[in-house]
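S.K.: This is the structure I have questions about; it appears just below.
The values are calculated or read from the model by the stated rules, or taken from the named source; none is laboratory data. Owing to the predicted nature of the structure, the values given are computational and were not obtained by experimental measurement. Backbone-built Cβ (ideal geometry, glycine too); neighbour counts: all protein chains shown. Ligands, DNA and RNA are excluded from the accessible area calculation, which covers all protein heavy atoms including side chains. Shrake-Rupley method; radii C 1.70, N 1.55, O 1.52, S 1.80 Å.
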Amino acid sequence: LLSFATQTMNPVRTKWLGLAALGLSLLTLLAVGILSYNDWREFRKSSDTIAAIRRVVQLNDDLLGHAQDAETGQRGFLLTGRDQYLAPYESAVRVVEAELDQLGALTRGQPETAARVAALRALAARKFEELRSTVELRKSKGLAAALEVVQTDYGLFVMDHLRDVSAEIEADQEDKRRQSWDELERQARLNRLLTLAGAILLAGFVSVGALL
C-alpha cells in the first residue's frame, strides 16, 4: 500500500516526506538519548542517597556499640580496679565525638533526623560523663563510692534513652531508604516504557523514510 502510494505521489513531495520522516527519526533518537541520560542521573542520585543512608545507619550502630563497650569496660574496672579493663572505655571516648560529627554532617538536610542526632549527642555526653565520674570515684574513693552512683540507675536510664533514640534514627533511615528505592524503581519503569515507545517510533520513521 505504501509502495502504491509513493508511486502515485509527486517525486519531489515524496522526497520531502522521506526527509521529514528521517528528520523525525533523528528527533526521536535525540529524545530517547535524553531519557536515557535522565534515567542515569536519577539512578546516580538515588544511589548516592542510599549510600548516605547506609553510612548513617552504620555510624549510628557503631556509636551505640562503642557506648555499650565503654559501659562494659567501666563495669570491669569498677569490679577489679585493673586499668586494662578501661581500654574499651578509652577507645570509645576517642571515636564517639567524631562519629557524632559525621552523623551531624550527613543529616544536616534532614530536620527530624538532625534533631534526633542532637538528642543522641546530648545523651552520649551524659552517659560518658556518668562513666567518667564513676571511674574517677573508683580510683579516688574506692568501689563502694563508685557503686553508690551506679545504684542510682541514672546510667541505666540514660543508656536506655540512648538506645531508643538510636533505634528511632535507624527506623527513620530505613523508611528513607525504602522511599528512595521505590522512587528509583518507579522512574526506571517509566523511562523503560518511554524508551520502548521511542524505539518503536524510531523504527517506524526510519522504515517510512527509507521507503519514501
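S.K.: Modelled label-to-label distance, residue 133 and residue 156, 7 Å Cα→beta-carbon offset: nm?
M.R.: 1.7 nm
S.K.: Something else: Output the relative contact order of the chain, whole-number percent, from Cα pairs under 8 angstrom with separation of 6+ residues.
M.R.: Contact order relative to length: 39 percent.
S.K.: What spacing in nm lies between the two simple spin-label points modelled at residue 141 and residue 79, each 7 Å away from Cα in the Cβ direction?
M.R.: Distance between the two pseudo-spin positions: 2.3 nm.
S.K.: Taking the chain as the reference, fit the longest principal axis to its C-alpha atoms, fit the long axis of helix 11-80 to the helix C-alpha atoms, and give the angle between the two in degrees, 0 to 90, nearest 10.
M.R.: The two axes meet at around 10 degrees.
S.K.: Using a 1.4 angstrom probe on the protein heavy atoms only, could you order 53, 200 from most to least accessible area? Spell out each step's value before the answer.
M.R.: Numbers: 53 10, 200 115 Å².
These residues rank, largest area first, as 200, 53.
S.K.: Compute, for the chain, the length of the dipole vector about the Cα centre, with Cβ point charges of +1 (Lys, Arg) and -1 (Asp, Glu) only. Units Debye, rounded to 20.
M.R.: For the chain, the charge dipole is close to 1100 debye.
S.K.: Enter the accessible area of residue 161 (Å², nearest 10), with the probe set to 1.4 Å and all protein chains included.
M.R.: That residue has around 80 Å² of solvent-accessible surface.
S.K.: List the pair-distance distribution P(r) of segment 93-139, using every Cα-Cα distance, as the percent of pairs falling in each 10 Å bin from 0 up to the bin containing the longest distance, rounded to whole percents.
M.R.: 27, 42, 22, 8, 1
S.K.: Once both axes come from the Cα atoms, what is the angle between helix 87-106 and the longest principal axis of the chain, in degrees from 0 to 90, rounded to 10?
M.R.: 30 degrees
S.K.: Picking from 198, 156, 143, whose Cα lies most toward the positive end of the charge dipole for segment 121-209 (charges on Cβ: Lys, Arg +1; Asp, Glu -1)?
M.R.: In segment 121-209, that residue is 198.
S.K.: Something else: Just the Cα atoms of the chain: what Rg and Dmax do they give in Å?
M.R.: 32.3, 110
S.K.: Another question, then. Can you list the trypsin sites (Lys or Arg not before Pro) in segment 139-182 that are in a DSSP coil and have 11 or fewer other beta carbons within 10 angstrom? Display every interim value, and only then the final one.
M.R.: Working: sites: 139, 141, 163, 176, 177, 178; in loops: 141.
Qualifying residues, ordered by number: 141.
S.K.: Hey, what number do you get for the chain at 222 nm if only DSSP H runs of n ≥ 4 count, each worth -39500 (n - 2.57), divided across all residues, to the nearest 500?
M.R.: -33000 deg cm²/dmol, from helical runs alone.
S.K.: Let me ask another. Per residue of segment 189-204, what does 6.51 cos²θ - 1.76 cosθ + 1.60 with θ = phi - 60° give for ³J(HN,Hα)? Whole Hz please, x for Gly and Pro, Karplus curve as stated.
M.R.: So the J values, rounded to whole Hz, are 4, 4, 5, 5, 5, 5, 5, 5, 4, x, 5, 5, 4, 4, 4, x.
S.K.: Based on the Cβ-Cβ distance of residue 171 and residue 68, what FRET efficiency does E = 1/(1 + (r/R0)^6) give at R0 = 22 Å, to the nearest 0.05?
M.R.: 0.70
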